[in-house]
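Shown next, in structure tokens, is the structure this report addresses.
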């Protein structure tokens, strides 16, 4: 089973990326905005829909997702200071506003959202190589600690991949 690496530069790409992270489990403490780098990043345990195991017997993979050219971040429906909180990611959508600029919305179960004002759509999802069995049922409260008890087994180290080149469709990336 290979690690997934996806790049989303338009809404069609983002739809594919969103399908791969559907039902991912995210700790509130594992989300953050680096204002200086204009990057929003989060770590998650995503369900591996590509697994050869039958439905209900699959695995979760540790993955990182980040968005570049982020100008603002607004959260609603959950306490961003509740670092022990656990959220279930349902979908990621993009709403264009002006040219390549728009709003990326991460929707969580229970009505929580994270809205990112972006200069252009640029998202990357990468599996980090750890796998483990899915929890018996998704956490339903922010106090559920099942994510902390999840056992993961790291794959053997591998050679580092070269970084992606800057996007040409985004004015912020052409200047970098």
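The values are calculated or read from the model by the stated rules, or taken from the named source; none is laboratory data. Treat the numbers as computed from the prediction; the structure is a model and nothing was measured. Backbone-built Cβ (ideal geometry, glycine too); neighbour counts: all protein chains shown.
Quick notes on this structure:
- Count - residues of region 102-112 that are touching a strand residue (DSSP E or B) at 6+ places or on another chain (Cβ under 7 Å), over 17 Å from residue 17 (Cα atoms) and surrounded by fewer than 20 Cβ atoms within 10 Å (Cβ to Cβ): 2
- Lone qualifier among 74, 26 - being modelled with pLDDT of 95 or more and either on the phi > 0 side of the Ramachandran plot or more than 11 Å from the chain's Cα centre (by Cα) (or both): 74
- Residue list for region 1-17, filter: assigned to a loop (DSSP other than H, G, I, E, B) and either touching a strand residue (DSSP E or B) at 6+ places or on another chain (Cβ under 7 Å) or in contact (Cβ under 8 Å) with a residue 12 or more places away in the chain (or both): 1, 3, 4, 9, 10
- Number of the condition not met by residue 12 [criteria: (1) surrounded by 14 or more Cβ atoms within 10 Å (Cβ to Cβ); (2) more than 15 Å from residue 116 (Cα to Cα)]: (1)
- Within region 49-57, not a single residue is touching a helix residue (DSSP H, G or I) at 6+ places or on another chain (Cβ under 7 Å) and at pLDDT 95 or above.
- Failed condition for residue 81, given (1) over 21 Å from residue 126 (Cβ atoms); (2) assigned to a strand (DSSP E or B): (2)
- You will find that of 65, 87, 116, 125, the residue that is in contact (Cβ under 8 Å) with a residue 60 or more places away in the chain, in a strand (DSSP E or B), more than 27 Å from residue 2 (Cα to Cα) and touching a strand residue (DSSP E or B) at 6+ places or on another chain (Cβ under 7 Å) is 116 and no other.
- Condition check for residue 126: over 17 Å from residue 63 (Cα atoms) and either surrounded by 14 or more Cβ atoms within 10 Å (Cβ to Cβ) or modelled with pLDDT under 60 (or both): no
- When residues of region 139-151 are limited to those that are buried (at least 16 other Cβ atoms within 10 Å of the Cβ) and in a loop (DSSP other than H, G, I, E, B), the one modelled with the lowest pLDDT: 150
- Each residue in region 84-101 was checked for being within 19 Å of residue 16 (Cα to Cα) and within 18 Å of the chain's Cα centre (by Cα), and 8 of them qualify.
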